[in-house]
1. When region 46-78 is examined, which residues are found to be modelled with pLDDT under 80 and not in a helix (DSSP H, G or I)?
2. Test each condition in (1) under 26 Å from the mean Cα position of the chain (by Cα); (2) modelled with pLDDT under 75; (3) of a type outside the set (Gly, Ala, Ser) for ARG321 and report the one that comes out false.
3. Restricting to region 97-110, give me the number of residues that are surrounded by fewer than 18 Cβ atoms within 10 Å (Cβ to Cβ) and part of a helix (DSSP H, G or I).
Amino acid sequence: MTDSPLRLLLEFDAQAQRDRSQPPTFLHRRDRKFALICEKQGTTPDANRWLTHLNRLSGPRATPASTDRTLRAWRRITGGFAAIGVIAGMLTMAGLLFYDGGLRINITVLLAFVVLHLALALFTTLQSLAGWQPWRWLIRRFGADPGNGVFKKLHPVLMARAAHLGGITFAIAGLITLLVMVVIQDLAFGWSTTLETAATSYHRLIDAIATPWGWLWPAATPDLALIEATRFFRAGDPGESPDPALWGQWWPFVTMLWATWVLLPRAFLWLLASAQTRQKARRLLASHPAMHALMYRMETPALDTGNDHHDADDLPDTEARNNLLPLPESDTLLCWAGAGEPELPAALQSGKQLIVRAGGRASLADDDRALNRIAEHLGTRAGAVILLVRCWEPPTGELQDFLESARGTWPNGSRIALVPLAADSNREPDAPRLQPWLRFAERVGREFVQVSLPPFQRRDPYIPVGDQS
């Protein structure tokens with residue numbers, strides 16, 4: 001497994017979602033046996049060892065697809081911020097140091113930009129601490145939300161970390177551009193302001209700003225004589241013109257100003273956001289409801305009574321057929337794990353503009369391509385997608401992961417009409433075959449998944465939900 005708290009939280013939550021479909025007795029025996037193994041080995045059972053144990057039992061491809069997909073999406077977001085930071089840093093520094101031989105580069109403008117950058121960096125940190133998510137649209141666009149409430153609590157700090165990394169690349173690119181322009185151009189610096197500011201007051205301001213590096217590089221702290229000599233006015237300098245050699249002596253100050261007050265704060269805030277991400281992921285894992293249930297199962301002995309279930313309290317499920325909904329109009333058909341092979345029913349093929357296959361023998365990359373093809377076909381409009389499954393095969397955790405990824409990838413409001421097919425696709429599945437799929441739709445969420453039968457399969461007239469007459 002991994003020591004990354006973020007990946008650990010995602011994989012634990014995905015496993016907890018899959019465990020919902022398992023009987024409590026099975027979970028108790030499985031986890032109690034794991035606790036006994038750890039006791040025999042002299043180790044302390046924890047989430048990391050528990051997931052490693054389950055993955056070893058499950059074999060290859062045990063890592064949830066939704067976990068890898070979510071982490072890849074966040075890496076794309078972080079890489080995009082870093083790339084934008086590099087381009088913006090070069091262009092910004094080139095604009096700030098633009099010099100055409102006329103007026104000098106104003107140190108006051110550089111100071112104002114540094115203050116603005118510091119304000120934006122602090123605002124990014126504050127919005128993450130407050131839990132505000134101004135980048136929610138970007139998260140939905142890249143499919144970086146696995147669709148559960150636990151991980152959503154990490155979105156603000158993850159976006160802050162990505163933004164601060166973009167700020168670091170912005171500062172590094174700007175610093176490199178500054179040094180290159182110092183070498184290849186003869187830059188002329190000076191200072192000016194519309195306010196009536198004396199050189200001594202400006203010197204005190206510059207001296208206070210240069211305090212962090214004054215002991216390390218004295219040449220990067222301008223003295224009063226340099227400040228008096230390099231002040232310029234829009235209409236021209238009054239009195240004698242200063243020595244042009246003095247105009248370039250500001251570059252060490254500008255270099256240290258950028259490195260100290262732009263690069264270092266961003267690096268510190270990025271480290272802070274990274275630490276907050278790890279700390280919050282550990283806290284969410286420790287307080288996860290499934291973690292409390294897991295600890296209880298591991299600490300409580302499992303008693304085998306010889307009969308795991310009795311039907312004394314069971315009542316007939318009279319609402320089973322009432323949960324079936326009419327098949328919606330859709331031009332998109334998704335065949336899961338070989339459903340519809342060797343030939344799709346003619347009633348389901350008609351009017352379909354897109355037919356894709358996923359699951360079963362398909363790889364994770366094939367599943368991702370199927371999701372993206374459907375997302376491109378739907379565009380920005382919410383639509384219905386018909387999902388064909390084999391009624392005699394029980395719902396799997398792989399299908400649930402796939403549907404959770406679809407919820408985050410497709411447009412908001414999209415729905416899935418799940419159609420269980422019998423071995424003879426022209427006949428209606430038996431009622432017992434439909435019950436697992438109806439319960440599966442309840443677990444995933446009926447606002448997203450509904451169970452339907454094609455009109456040619458339905459023998460009884462459709463009865464609306466809740467109508468017991």
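The values are calculated or read from the model by the stated rules, or taken from the named source; none is laboratory data. Quick caveat, the model's predicted, so the values are computed rather than measured. Cβ atoms come from the backbone with ideal geometry, glycine included; neighbour counts cover every protein chain shown.
1. Correct list: GLY59, PRO60, ARG61, ALA62, THR63, PRO64.
2. (1)
3. Residues flagged as surrounded by fewer than 18 Cβ atoms within 10 Å (Cβ to Cβ) and part of a helix (DSSP H, G or I) within region 97-110 amount to 2.
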